């Protein structure tokens, strides 16, 4: 029993190893460049044509905006291009003076192509900001809603559900090193049940809260060691089992990643059952 008591320290050294490299989940940006231009479009009210005939003409507005396209009853209707003095433009479909249907908006490094209604993105659309960011998916009143894909400047990507512009629901997040998470999201964070696999072979399957391991889960290191039990914000807390690759194990209580409380350490040649405080054996039963 003396040998068994003295050698448990080498097992505690294993627990100091960080579970896996830290991975960061990119936030979904708020995309609003087009609203600066499309939020207050000029009108054709100063012209007197009131019939239903579709006309095509070019008009210049006082604020250095030019429209070239079809119009009916003093309103932009059909295909047309609206250009601003700084080079920004929208090209596509119009209805009753509003952007409605398929169209393309370009301003500096922003390119948007997709379906519009009431001057807002509605339906399927692609929003690209140079090589820094790209979204492909569905919109509702200028907000990402439903299934979509996001591509980020660090070559990570997200494929899954959105709600009110943020990742929410079931999705997949892939990092540039090949690490991958599949599971539930809420407010742009890993929330709920999910499985996270690192490129080095380590994995975690269980509950998440705001990108932390939180609740019941199982973590396995790439060398075969495994923990099954409760987490509190990434730390082993509460009851859990820790298995070494040679099938030796500890089962019992934890606090802040250390054995704390009643526990049993099972080795190949003996068993230690006792009380632990901050990872140190205090009393043997």
Selection status of residue 93, under 36 Å from the mean Cα position of the chain (by Cα) and either loosely packed, with under 14 Cβ neighbours inside 10 Å or at pLDDT 85 or above (or both):
yes
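Only one of these is within 17 Å of residue 28 (Cα to Cα), surrounded by fewer than 16 Cβ atoms within 10 Å (Cβ to Cβ) and either in contact with a strand residue (DSSP E or B) (Cβ under 6 Å, 6 or more places away or on another chain) or at pLDDT 95 or above (or both): 155, 136. Name it.
Working: 136 fails: surrounded by fewer than 16 Cβ atoms within 10 Å (Cβ to Cβ).
It is 155.
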Of the residues in the stretch 193-220, those that are touching a residue at least 24 places away in the same chain (Cβ under 8 Å) and farther than 17 Å from residue 180 by Cβ come to 207, 209
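The values are calculated or read from the model by the stated rules, or taken from the named source; none is laboratory data. All values derive from a computational prediction rather than experimental measurement. Cβ sites come from the backbone with ideal geometry, for glycine too, and all protein chains shown count toward neighbours.
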